[in-house]
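Written below as structure tokens is the structure these notes are about.
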Amino acid sequence: MSARSAVLAGVRDISPVVLGMAPFGLLAGIAAIEAGMPAWGASVFSTFVFAGAAQLAALDLIAQGAAAPIVIGTIVVINARFLMYSASLAVHLGDEPAGRRLGVAYLLTDQAYAVTIARLTENPRLAHRVAYYTGAGALLWACWQGYTITGTLAGAAIPDDVPIEFAIPLVFAALLVPALTDRATLAAALTSALVATLAADLPANLGLLLAAAAGVAVGLTTSVRGGSFERQAVPTPGGQPLHDDRFRDDSGEEDAA
């Protein structure tokens with residue numbers, strides 16, 4: 001697979017998700033206008049933040065007149081989950097130059113991560129991994145900006161009785177369900193859902209961060225106890241996978257790549 005083919009593959013794989021993001025992006029544009037931003041300001045804000053959940057939370061705080069440190073702190077807390085995403089992707093992209101990884105880090109979103117990690121899990125030896133991830137992330141970025149701008153310009157024309165907010169959980173459900181492939185992922189999902197529900201009233205959306213951490217902990221524990229925590233192929237600069245014995249399964253045998 002050439003780099004161009006990898007980019008196109010990323011674009012193709014994320015396209016269904018991008019279409020489902022339209023109501024989410026429209027809502028972000030509408031929220032920006034309701035917070036008192038001009039259309040150009042909403043576009044700039046969306047470009048710099050580029051994180052749907054954080055954008056909506058920040059815009060809500062701005063509309064309420066919250067101080068800048070509170071808005072920024074909320075964005076940081078909500079986006080803390082990207083630390084886990086990036087750590088997960090580092091296993092597969094660790095052999096890439098640091099400058100290249102830093103350059104594409106801006107494109108990291110829930111959707112780009114989900115599509116990319118699913119492909120890399122399915123095909124650990126995928127060539128041009130950064131190109132694939134860039135294709136997925138770039139299409140999402142371009143469409144998100146378009147949806148946001150459309151929301152700022154045409155949001156008033158959307159009837160109030162059209163429940164576009166309902167599309168937000170559906171987008172994440174579409175990412176979640178295909179990832180529930182074993183007992184560990186199911187346990188992680190159920191734990192995250194339970195913690196998120198119980199902690200929904202915590203300030204600064206801390207419930208989201210707690211739910212993510214709890215889900216990771218339970219999923220990892222379930223995987224280790226069930227003997228399904230397989231060895232991982234850690235890329236080396238030479239391009240050959242270096243297997244880490246810390247992830248050997250209980251039988252002591254290696255799985256075929």
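Given the options Ala90, Ala112, Ala105, name the one that is within 16 Å of Leu176 (Cα to Cα), out of contact with any strand residue (DSSP E or B) (no Cβ under 7 Å at 6 or more places or on another chain), at pLDDT 85 or above and assigned by TED's automatic domain parsing to the domain that holds Ala58.
It is Ala112.
Out of (1) more than 16 Å from the chain's Cα centre (by Cα); (2) of a type outside the set (A, V, I, L, M); (3) buried (at least 17 other Cβ atoms within 10 Å of the Cβ), what's the single condition that is false for Arg119?
(1)
Mind listing just one residue for me: the one in the range 94-113 that is over 21 Å from Thr47 (Cα atoms) and in contact (Cβ under 8 Å) with a residue 40 or more places away in the chain and, of those, surrounded by the fewest Cβ atoms within 10 Å (Cβ to Cβ)?
Of everything passing the filter in the range 94-113, Gly94 is surrounded by the fewest Cβ atoms within 10 Å (Cβ to Cβ).
Restricting to the range 52-69, give me the number of residues that are touching a residue at least 24 places away in the same chain (Cβ under 8 Å) and over 15 Å from Ile33 (Cβ atoms).
Number of matching residues: 4.
Given the conditions (1) over 22 Å from Leu208 (Cβ atoms); (2) over 14 Å from the mean Cα position of the chain (by Cα); (3) crowded, with 19+ Cβ neighbours inside 10 Å; (4) not basic (Lys, Arg), and given that Ile14 satisfies all but one, which numbered condition is not satisfied?
So Ile14 meets the others, but not (2).
Would you be able to say whether some residue in the range 30-41 is over 24 Å from Cys143 (Cβ atoms), surrounded by 16 or more Cβ atoms within 10 Å (Cβ to Cβ) and in the same structural domain as Val130 (by TED's automatic domain parsing)?
No, the conditions are met nowhere in the range 30-41.
The values are calculated or read from the model by the stated rules, or taken from the named source; none is laboratory data. These numbers were taken from a predicted model, which means no experiment stands behind them. Every residue, glycine as well, gets a Cβ built from its backbone with ideal geometry; the counts of neighbours run over all protein chains shown.
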